[in-house]
Structures are given as structure tokens and as C-alpha cells.
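The structure appears right after this line, and notes come after that.
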Amino acid sequence: MDTSFLTSPPPVSQCDEPGALPYCLLTIGNMTLDSVVNYDCVDNFVFNSTGKKRMSSRCVLDRGEIIPHWTAVDYCEPMSCSEPPVISNGKVKVGGYHMGEEAVYTCDPEYQITSDISIPGLSTSEKSVCVLDEEQGCTWKPIYKCIINRCGPFDVVERSQLIAFNNTVGGLAVIRCNKATSFPRGDVTGSYRCLSNLTWEQHGHCLVNTCPTLPESRHGILSTGIVLEGTVVDVKCLPGYMFPDGSRVKHVICDTSLQWNVTLDDCQILICPTPPTTDHCSTTKLETIYNSNITYRCQIPYRMEYGYTEVTIRCEEDGLWTYSTITCDQVKCPELNLKNAEWSQDGDHFGDEVRFTCDEGHHYKNTVSGVLKCEADSEWSENTTGCQRG
């Protein structure tokens, strides 16, 4: 008996052409067993089950089957986002959840809107769009939040105090510089605005009001640090110097215009008056400036007080000479009173002689001759009182 009709036909080796899907592009390569075809959703569409743009189908032969078929694929639907994030101190109105549709965020009064992308200024409403993110899938961007429409604390600059404060956008913070300080252009108050980006307008600093550096006076000394308005600085000439008007110290004041009230001249070297003059005397070069020396030498037979033959005077820092008068007087010996003797005397000045002879029965005392001579030291050449008995 012929039984060939009972034999199963051989299995088919390839799938039929895959069917098309709405809003989807099909890419076919090979349709043999185990081949894969790709379905790609058009723009703004994704597969319903995965939310992705592409889905693949494979040509398979199930157990006990003889005709292969393509594995099932989902359908493409418009991309859509979930509910947009809620916003504190504001509200959101959704226009649609599909790709490219918008949700509008609005802030309550006294608040302004900002996002994770930019700060749009004073706007109180902004749009968020449903987009496709490679990592997050369908999501709303940008993300908004409502922030209080105010600047933060105002940093009061050094040497100043805050006297008015309004930190709403457009409001002012007013500061006043402390005493003896001001802003670089001379103002003592400054106003700074709260900007739309919620930062304060850049502000300056209060600087100490000082006079410029006091020019140095030659041969003068001064000691100054920070010179504030009203400060008095003493400028002193060095020893042996004075200002042209004869003063030794100048009191210089930093006035209200932050300028010095006088112009300093250089200290000039001190000059002593004409040195003393005297007869019977020679001198070294006569210079009269500070610290100059003049030496006086008496001519023979003249001497100064106490028997000095020379003296040196100096021009001191007080503008005077160490000695105001100098005299060279002729040397004079003291009056003699010779006992027990007779004498004759030429005079009592330098070089003069006294000759004496002892009375009968007496001899010289403390001398070997009867001649005494007036010496340069205003003393007689022999220290004798005359003659003595014996």
C-alpha cells in the first residue's frame, strides 16, 4: 500500500516578508531562519512596551511547526512624558504629554522662576518641553523652581556701616563710611542695587582719608604712619640746622582737603654770629657754620685767663660760640713784699726783673741770687719772700 501521503512535508527554510507597522520604518536584510529585521519608529514616536525608538524581530521555527514566523513586535505610539514635576510656590499647566508638547510653569507673587539651565531674569513663567533623553527616556526639560525674588545678605565693607537695606530686585543697600574714611572718589555714602540675577551690584571700599606722603626736608626728620585728616606732624631739623625763618620745628597739619597746610623748605645749616676778636692774638681760618672750630693763640707776652696761651671755640647747635669773649692780656706777676732786703724793680710784667740785696746779717731765702724775673706763667722766677737772718 502506498503510504507516501502520510509523510510530513519538509519544513520551510525562511519566513515570509514581515508586515509593515504604522509610524514605523522597516529594514529587511535576509529572511532565512534566525535572520533579524529592524523596526524604527519615526520621529516623536516610540514603541509602546519599551519606550524606545527601535525594536527587532527574528525569523524563528517553533517546535512542531513547519512554517517559520517573525517574533512579535509592539506598535509605535507618540512619545509622551509622565506628569511634570510639581513646583513649590508656583503651579504648572500641562498642554499635552506627547513629545514636543509643553507644560507652563508660573510662580506666585514675590517669587521668580529659575531653572537648572539658566536664570532667565525677572520672568515669572517659563515653558518646559517633553523631550527624549538618551538615559532618562521621555522627560521634561528644563526643570524649574520658584525662588524668592530677593538678593541675599549684603556684605558690609570694612570701615563702613549699613544705613538702609532693601533686598528686593531693584532695591538698594546704602552704606556710610566711618569717620576719616571715604570712597575713592571722595563720597562718604554709596548705594548698591539688587540686580535681576539676585546678586548685589559690585561695590567699592571705604578708604582711610590720608594726606599724601609728606615730602622729606633735607637735614630734617619726621615720624609719620597713616596720616588722617587733622593729624599734626612735627618736622624737626637735625642738630646744627634750621628752617629759613630760623625755627627748628615745623608743625604741619593734614587739613580737611587732605593736603598739607604748609610747604616745607629744606633745613639749612646753622651759621653762628661773627666770632669774638681780640688784640695780641692770632687765629685759624674764620668759618662760622655749624661745628666749625676757631683756635685763638695769644702772642708773647700775652696770656688768657688762667695763663692759657691758646683756646679753641666751636659753633654749637644752638647757634652760639662756646666762648663769647676772648682776651689776651699782658702777663703780670704779683706784687712783691721782700723782707729784710732792699730792691729795685723794672716793673711787674712779663720779662721785668727785680734786683734785691739782703740787709746786713741776713742772707737769701729760697734763692741763690738776688734777681727775680716775671715769667710767662705770671709767677716770679724764684719763690722767695726775701732774706732771713743768719
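None of the figures in this text is laboratory data; all of them are computed from the coordinates on show. The shown structure was predicted, so the numbers you read here are calculated from the model rather than taken from an experiment. Note: ideal-geometry Cβ built from the backbone for every residue, glycine included; neighbour counts use all protein chains shown.
The table below gives the values:
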| item | result |
| --- | --- |
| Summed residue charge, Cβ within 11 Å of residue 78's Cβ, Lys/Arg positive, Asp/Glu negative | -3 |
| Extent along principal axes [Cα atoms of the stretch 281-330; Å; largest to smallest] | 34, 19, 11 |
| Fluctuation leader among 57, 247, 88 - the chain, Gaussian network, Cα springs under 10 angstrom | 57 |
| Net dipole in debye of the chain [+1 Lys, Arg Cβ; -1 Asp, Glu Cβ; about Cα centre; nearest 20] | 740 debye |
| The stretch 327-390, dipole about Cα centre (Lys/Arg Cβ +1, Asp/Glu Cβ -1), debye to the nearest 20 | 300 debye |
| Using a Förster distance of 56 Å, the FRET efficiency for residue 69-residue 145 (Cβ separation, nearest 0.05) | 0.60 |
| Computed magnitude of the charge dipole of the stretch 262-307 (debye, nearest 20; Cβ of K, R +1, Cβ of D, E -1) | 300 debye |
| Residue-count net charge about residue 309 - beta-carbon cut-off 9 Å; Lys, Arg +1, Asp, Glu -1 | +1 |
| 20 °C / 1.002 mPa s Stokes-Einstein diffusion coefficient of the chain, Kirkwood radius on C-alpha pairs, µm²/s | 60 µm²/s |
| Greater than 22 Å apart at Cα, pairs in 179/250; 52/127; 53/141 | 179/250; 52/127 |
| Nearby lysines by direct alpha-carbon distance to residue 339 (threshold 26 angstrom, same-chain neighbours under 8 apart not counted) | 365, 373 |
| Prolate/oblate/rounded call for the stretch 155-285, Cα gyration tensor, a/c under 1.5 rounded | prolate |
| Residue-span extension gain [residue 253 to residue 163] - 0.36 nm each, minus C-alpha spacing | 29.2 nm |
| In Hz, Karplus ³J(HN,Hα) per residue of the stretch 251-260 (6.51, -1.76, 1.60; θ = phi - 60°; x = Gly, Pro) | 9, 9, 10, 7, 7, 5, 8, 6, 10, 7 |
| Under the Karplus curve 6.51 cos²θ - 1.76 cosθ + 1.60, θ = phi - 60°, whole-Hz ³J(HN,Hα) for the stretch 231-240, x wherever Gly or Pro sits | 5, 9, 10, 8, 10, 10, 6, 5, x, x |
